[in-house]
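Here the structure comes first, spelled out in structure tokens, and everything after it is commentary.
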Amino acid sequence: MGRPTLLGQTERLIPPAAADPRLWKGLLRTARPKQWTKNVLVIAAPVAGGRIFEAGVAGRTLFVFVLFSMAASGIYFLNDALDVKADRAHPDKCRRPIAAGIVPLKVAYGLGIGLSLVPPLLAALLLNGSTALVLLVYSVVQILYCVHLKHVAVMDIAVVASGFLLRGIAGGAASLVAPSQWFLITVGFGSLFVVAAKRSSELASLGDQAQHTRKLLSEYSESYLRFVWQGAAALMTLSYCLWALESDDPDTATWRMISIVPMTLAVLRYALVVDRGEGGAPEDVLLGDRVILSLGALWGVAYGASLLG
């Protein structure tokens with residue numbers, strides 16, 4: 001005799017694919033939760049404006065973080081689904097869940113579209129129109145990137161960098177903090193610095209294999225990418241210094257000037273890592289380098305003191 005009929009009926013009600021633990025692990029891997037650390041940028045505007053601890057601001061900022069995490073994961077699903085053939089020919093990317101056949105293409109496309117378009121709708125209903133518009137622009141631009149722009153030299157760097165800038169703008173829109181011009185310039189060039197540095201490290205590590213594994217990289221040269229990330233780093237540091245020196249309050253100005261030191265040293269440290277060809281994973285550099293973490297903590301103390309002042 002087999003198992004009780006009731007148990008058998010229960011088992012038949014559960015689709016085999018949905019019950020497969022490999023599918024759920026594959027979905028989580030494709031969503032790339034480790035990359036959600038990039039969305040911490042949404043706190044930049046309310047922190048810069050000294051309003052992060054105001055009633056309601058922290059909650060709205062956290063909600064925007066969740067919405068951007070959803071949208072970013074949706075883009076990863078779409079990107080991997082569109083790149084499935086190329087990924088299967090790649091020595092490392094062939095292990096991605098969609099390329100390996102763990103996550104079906106229909107599921108990937110469905111989640112990609114849903115996770116990309118639901119966040120703007122939720123922002124419109126629960127936050128405000130400005131935040132919804134920023135999220136919609138982010139999703140549309142990133143979808144265009146997946147479909148075409150990632151194959152266009154320079155535009156691929158610009159689109160990825162714009163994603164960081166839009167995160168900062170969204171945080172300000174949700175918390176009703178208007179970002180200053182120096183904030184936008186600093187975040188914009190900082191984003192360009194990180195993205196160009198990532199491309200430079202990828203090109204250095206792949207070498208002659210670049211044209212086979214990532215075709216667009218073959219259109220760049222190490223000297224060009226070095227020019228881009230060095231120029232962006234210089235402009236980011238300069239704009240931060242100009243922002244730090246614009247305060248008329250003596251107490252605030254002093255701590256802002258002090259914050260320039262750890263900020264500049266952190267940029268130089270990151271540039272050293274990139275120069276070694278080890279900047280291919282920015283999140284690993286920022287979270288794994290003890291010197292950068294220590295400098296970040298010192299900057300946080302100095303900047304926090306400027307807000308209190």
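Computed from the coordinates by the stated procedures, all read-outs in this text should not be read as laboratory data. Since the structure is predicted, the reported quantities are computational estimates derived from the model, not experimental observations. When we count neighbours, we look across all protein chains shown, and the Cβ atoms used for this are built from the backbone with ideal geometry, even at glycine.
Observations
- The calculated FRET efficiency for the pair Tyr224 and Leu28, based on their C-beta separation and a Förster distance of 22 Å, comes to about 0.05.
- Taking every C-alpha pair closer than 8 Å and separated by at least 6 residues, the mean separation divided by the residue count of the range 131-182 gives a relative contact order of 43 percent.
- Taking all pairs of distinct alpha-carbon atoms in the range 45-134, Kirkwood radius in angstrom: 14.8
- Estimated from helices alone, the mean residue ellipticity of the chain at 222 nm is -24000 deg cm²/dmol (sum of -39500 (n - 2.57) over DSSP H runs with n ≥ 4, per residue).
- Summary value for the chain: 16 percent relative contact order, contacts being C-alpha pairs under 8 angstrom separated by 6+ residues.
- Peptides 176-185, 65-74 ranked from most to least packed give 65-74, 176-185, packing being the mean of other C-beta atoms within 10 angstrom over each peptide's residues.
- Multiplying the residue separation of Glu246 and Ala55 by 0.36 nm and removing their Cα-Cα distance gives an extension gain of 66.0 nm.
- Projecting the Cα atoms of Ser306, Leu287, Gly277 onto the charge dipole of the range 269-309, computed from C-beta unit charges around the Cα centre, puts Ser306 farthest toward the positive end.
- Under 19 Å from the Cα of Lys25 - lysines, other chains or at least 8 residues apart: Lys34, Lys93, Lys106
- Val273 sits among other residues whose Cβ lies under 15 Å from its own Cβ, and their net charge, with Lys and Arg +1 and Asp and Glu -1, is 0.
- The range 19-179 - Rg (one decimal) and Dmax (whole number), Cα, Å: 16.5, 51
- Normalised by residue count, the chain yields a Cα convex hull volume of 163 Å³ per residue.
- Relative contact order computed over the range 241-292 (Cα-Cα under 8 Å; 6+ residues apart), in percent: 26
- Interatomic Cα distance distribution for the range 75-124, bins of 5 angstrom, percent: 5, 24, 27, 18, 11, 8, 5, 2, 0
- Value of Rg/Rh across the range 83-154 [Cα atoms, Kirkwood radius]: 1.09
- Note on Met257 and Arg95: their simple-model spin labels are 5.2 nm apart, each label 7 Å out from Cα toward Cβ.
- The ratio of the alpha-carbon radius of gyration of the range 144-244 to the globular-protein estimate 2.2 N^0.38 Å is 1.20.
- Within the chain, helices built from complete DSSP H runs that reach 20 Å or longer along their own axis (Cα positions) and carry a mean Kyte-Doolittle hydropathy of 0.5 or higher are 57-82, 105-126, 129-147, 155-175, 181-206, 222-244, 250-275, 290-308.
- Order of Ser294, Ser200 under a 10 Å beta carbon neighbour criterion, fewest first: Ser294, Ser200
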